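Read through the structure below, which is laid out as structure tokens, and then see the notes.
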């Protein structure tokens with residue numbers, strides 16, 4: 001059967017990659033003729049105004065805001081709404097939301113529940129972590145992995161469960177007019193949080209000639225300012241904050257630097273390649289090995305030594321640019337194709353559910 005009614009569960013509309021991708025998929029799914037609702041714990045957040053007006057938004061009242069153990073309460077409260085919404089598919093758009101699954105299943109046994117795995121499910125591979133993950137995802141009918149490497153990891157962790165490798169769409173605007181000078185203008189984009197390891201970016205630029213622009217905000221914002229001052233990097237690092245349009249910054253960049261400890265599939269790497277900008281990254285995501293397949297595309301650095309990252313950046317900045325080759329690497333992430341692949345998978349799950 002066709003998954004006609006799709007329900008997306010979000011805690012809120014925070015400016016995260018999980019939320020941004022879910023909102024983009026919702027627009028593509030409604031464009032394809034599906035009935036799409038976003039059920040959220042709170043209607044607050046900087047991405048609320050980006051939701052397609054054809055997508056229904058239902059916010060809990062009173063709201064359930066983020067906090068310690070809030071996802072357990074969120075699952076219970078969202079479960080009370082399922083009877084009225086009657087979804088065919090419930091889409092949990094990332095690891096952060098997996099704790100909702102069992103409560104939603106207890107509330108309504110009918111819909112298919114799918115979980116997108118946006119990061120490696122077990123950064124710590126202790127046996128107890130595996131048991132916890134299996135317990136809290138026992139109600140999930142299908143797992144969408146962002147790349148083949150994650151899919152293989154899930155298949156080993158969850159034998160016999162339905163796993164599909166499905167790309168996240170990347171919303172790439174027309175290439176900006178490049179203004180880079182062939183120097184060492186390094187761009188870093190992400191939340192200023194521990195997972196992204198922005199401190200490693202500072203240590204990297206400290207080990208090379210060049211300038212680092214860091215786009216994003218987050219809990220480490222004030223700490224980053226203190227570290228820049230303590231390291232004497234005031235003239236080498238710029239912190240513009242969150243930028244809704246990254247294309248002008250990419251146009252001026254000679255390379256994109258990614259310093260994350262782990263990632264599911266860093267969309268910013270695809271966005272950079274689509275703009276003809278090479279990428280230097282820590283070995284934080286299976287997806288990067290599918291993307292950075294030529295020397296022109298950049299480097300994946302096995303160590304987390306800032307000197308190694310600095311050396312890779314210097315080499316990449318000095319090599320000739322090959323924008324057309326880089327744009328071809330980004331082509332499989334076209335939004336309509338990615339959204340259709342999700343819908344085809346949903347329809348398969350509902351037929352067999």
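The values are calculated or read from the model by the stated rules, or taken from the named source; none is laboratory data. Remember, it's a predicted structure, so these values are computed and weren't measured experimentally. Because the Cβ atoms are built from the backbone with ideal geometry, glycine has one as well, and the counts that use them run over all protein chains shown.
What the table below lists for this structure:
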{"read-out": "Answer from 311, 285 - the residue that is out of contact with any helix residue (DSSP H, G or I) (no Cβ under 7 Å at 6 or more places or on another chain) and at pLDDT 95 or above", "value": "311"}
{"read-out": "The range 53-72 - residue that is touching a helix residue (DSSP H, G or I) at 6+ places or on another chain (Cβ under 7 Å) and in a helix (DSSP H, G or I) and, of those, nearest to residue 33 (Cα to Cα)", "value": "71"}
{"read-out": "Complete set of residues in the range 20-39 that are more than 19 Å from residue 350 (Cα to Cα) and out of contact with any helix residue (DSSP H, G or I) (no Cβ under 9 Å at 6 or more places or on another chain)", "value": "22"}
{"read-out": "The one condition in (1) more than 18 Å from the chain's Cα centre (by Cα); (2) modelled with pLDDT of 95 or more; (3) surrounded by fewer than 19 Cβ atoms within 10 Å (Cβ to Cβ) that residue 142 fails to fulfil", "value": "(3)"}
{"read-out": "Matching helices (runs of 4 or more DSSP H) fully within the range 303-353 where at least 3 residues are farther than 30 Å from residue 110 by Cα and in contact (Cβ under 8 Å) with a residue 24 or more places away in the chain", "value": "306-318, 323-330"}
{"read-out": "Checking residue 18 against (1) over 14 Å from residue 87 (Cα atoms); (2) assigned to a loop (DSSP other than H, G, I, E, B); (3) touching a residue at least 40 places away in the same chain (Cβ under 8 Å), the condition it does not meet", "value": "(2)"}
{"read-out": "Scope the range 1-18; condition modelled with pLDDT under 95 and surrounded by 17 or more Cβ atoms within 10 Å (Cβ to Cβ); matching residues", "value": "3, 14, 16, 17, 18"}
{"read-out": "Selected residue (only one of 129, 151, 103, 156 is touching a helix residue (DSSP H, G or I) at 6+ places or on another chain (Cβ under 6 Å) and not assigned by TED's automatic domain parsing to the domain that holds residue 264)", "value": "103"}
{"read-out": "Unique match (being in contact with a strand residue (DSSP E or B) (Cβ under 8 Å, 6 or more places away or on another chain) and surrounded by fewer than 17 Cβ atoms within 10 Å (Cβ to Cβ)) among 305, 283", "value": "283"}
{"read-out": "Residue among 291, 273, 215, 233 that is closer than 18 Å to residue 193 by Cα, in contact (Cβ under 8 Å) with a residue 12 or more places away in the chain and either crowded, with 23+ Cβ neighbours inside 10 Å or in contact with a helix residue (DSSP H, G or I) (Cβ under 9 Å, 6 or more places away or on another chain) (or both)", "value": "215"}
{"read-out": "Residue 241 being surrounded by fewer than 21 Cβ atoms within 10 Å (Cβ to Cβ) and on the phi > 0 side of the Ramachandran plot", "value": "yes"}
{"read-out": "Tally of residues being within 20 Å of the chain's Cα centre (by Cα) and surrounded by fewer than 17 Cβ atoms within 10 Å (Cβ to Cβ) across the range 19-44", "value": "1"}
